[in-house]
Amino acid sequence: MRKRFLDFPRLAHVEALDADRLSLLFQSGEKRMLDLRRAEAHLGQALPRGRVRINQFAALEWPEAPLQLDDLGDLAGLVDLEHSTYSIGADTVRSLSEPFESSLNVNLGHRLKALRKELGLSQEDVACRIGTQRTYISRVENGHSDLEVQSLKRLVEVGLGRKLEINIR
């Protein structure tokens, strides 16, 4: 697959939190929340409510909400209404949604920061121990950097002097 397509967001899971909010999980592991009222204000049009799913193009789709064809004029006759539903592409959904604060990077970063402070270490101390820069430690602690397992292991075991254990439930 070409690199330019790897950065294209793709939805992996959607769950309705309530009538106006959707929890979204992207294939990258990023978890976001889509507030439909805010999205409507930004788009300047009403969005459907009700059952939502991810279609074969990894876009959000409301299968019971028909397309609104008022703006298409003469082209509306070319659309197969029987098989057309309202959908929004993953890239648009990503731009309209907000990251969940409970994302893994943020939680892990806060935990690492709390442990570092508990041990009385500065970001510079930890960075020197693992051979990196203080700014990298800051990005990790603030949830702005993805961590590979080997990097996390090195940060925890060498930088903080603790043993890393990972549970999957």
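The values are calculated or read from the model by the stated rules, or taken from the named source; none is laboratory data. This one's a predicted model, so the numbers in the text were calculated from it and none came from an experiment. Cβ: placed from backbone, ideal geometry, glycine included. Neighbour counts: every protein chain shown.
Quick notes
- Extreme residue, surrounded by the fewest Cβ atoms within 10 Å (Cβ to Cβ), among residues of region 113-127 that are of a type in the set (G, A, S) and farther than 15 Å from K153 by Cα: G120
- Single unsatisfied condition, E40 versus (1) modelled with pLDDT under 90; (2) out of contact with any Phe, Trp or Tyr (no Cβ under 8 Å at 6 or more places or on another chain); (3) not in a loop (DSSP other than H, G, I, E, B): (1)
- Test for L121: is it under 28 Å from K31 (Cα atoms) and not assigned by TED's automatic domain parsing to the domain that holds K31: no
- Counting residues in region 141-162 that are among the basic types (K, R), within 22 Å of the chain's Cα centre (by Cα) and more than 14 Å from G109 (Cβ to Cβ) gives zero.
- Comparison of S151, S103 shows that the only residue that is surrounded by 12 or more Cβ atoms within 10 Å (Cβ to Cβ), at pLDDT 90 or above and either farther than 29 Å from R21 by Cβ or small (G, A, S) (or both) is S151.
- So I130, is it exposed (fewer than 13 other Cβ atoms within 10 Å of the Cβ), in contact (Cβ under 8 Å) with a residue 12 or more places away in the chain and in contact with a helix residue (DSSP H, G or I) (Cβ under 9 Å, 6 or more places away or on another chain): no
- Single match in S23, S87, S28 (criterion: among the hydroxyl-bearing types (S, T, Y) and either part of a helix (DSSP H, G or I) or modelled with pLDDT under 80 (or both)): S28
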